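A quick write-up on the structure given underneath.
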Amino acid sequence: MNPTRLGAAPRPLGASAATPANSAPVAAPAKLAAPSAASANPAPRDCFAGSGVKSASAGPGAAGPAQVAERFYAAFAQADAAAMKSLYAPDATFHDPLFDLKGQEAIGNMWAGIFKKGSDLRLSSKVLSTEGDTVKMAWTADYKLLGRPIHNESVTTMRVRDGRIVSQRDDWSWSKWARQAFPLGPLVDFPPVKALLLGLIRAS
């Protein structure tokens, strides 16, 4: 995966490249929707938020799991929280090491909050497999969280019904992420400290 560099100056999280199924990541431009893969070096973009990518937020219709996942990560790469929210079913569930959420509104609010806190995002993703109504995606994100550089690698499992995400599980390492996000070293894995940090994150 070859993520596209975006956003030199930190403002709310910036746009990046998302990867179509079974292909190399597609470069995202400075301020427009993603062009063809021939755009190797787009101009930098400062922020995640407000990209206005409408292709990702189009009605999901009867799209299959891989198509829905690609739309989701195209919107993620542009920090289009509204488009991401629109791809969840009303009763969707979401789980990762930080959050355990139910409902389209709660999940959409989580993504919107994340995009307000970060900057300088570079994102790449690809489809790993599809089976029935389930798709697995691998994605890598590099960004800054409150000025601290973060590198995160995840495998996402999505289940799709009628063109919308009904469940999503993101699997990545709390220990690796937290040691980058907080200046506490191995203390992030000490249960009382971890519980405190999780409480602060979920309340913010």
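Quick notes
- Ligands, DNA and RNA excluded, the heavy atoms of residue 151 present near 70 Å² of accessible surface to a 1.4 Å solvent probe.
- Residue-level accessible surface for residue 204, protein heavy atoms, 1.4 Å, Å²: 90
- Note, ³J(HN,Hα) from phi for segment 118-133, Karplus 6.51, -1.76, 1.60, rounded to Hz, x at Gly and Pro: x, 8, 6, 6, 10, 10, 9, 8, 7, 6, 8, 6, 9, 8, x, 8
- Counting DSSP beta bridges with both ends in segment 92-204, the antiparallel % (nearest 5): 90
- Sequence-distant residues sharing a close amide H with residue 118 (under 5 Å, placed H): 13
- Shape category assigned to segment 79-161 from the gyration tensor of Cα positions, a/c cut at 1.5: oblate
- For residue 131, solvent-accessible area (1.4 Å; no DNA, RNA or ligand), Å²: 150
- Dipole magnitude of segment 132-177 about its Cα centre (Cβ charges: Lys, Arg +1; Asp, Glu -1), debye to nearest 20: 100
- Accessible carbon and sulfur surface of segment 119-204 relative to its total accessible area, %, 1.4 Å: 57
- Overall, segment 59-167 carries a charge dipole of about 220 debye about its Cα centre when +1 sits on the Cβ of Lys and Arg and -1 on the Cβ of Asp and Glu, all other atoms neutral.
- Residue 100-residue 179 pseudo-label distance in nm [points 7 Å out on the Cα-to-Cβ vector]: 2.5
- Sequence of 201, 150 from largest to smallest accessible area, 1.4 Å probe: 201, 150
The values are calculated or read from the model by the stated rules, or taken from the named source; none is laboratory data. All of these numbers come straight from a predicted model, not from anything done at the bench. We place every Cβ from the backbone using ideal geometry, glycine too, and count neighbours over all the protein chains shown. Remember, those area values only see protein heavy atoms, side chains included, never the ligands or the DNA or RNA. Shrake-Rupley method; radii C 1.70, N 1.55, O 1.52, S 1.80 Å.
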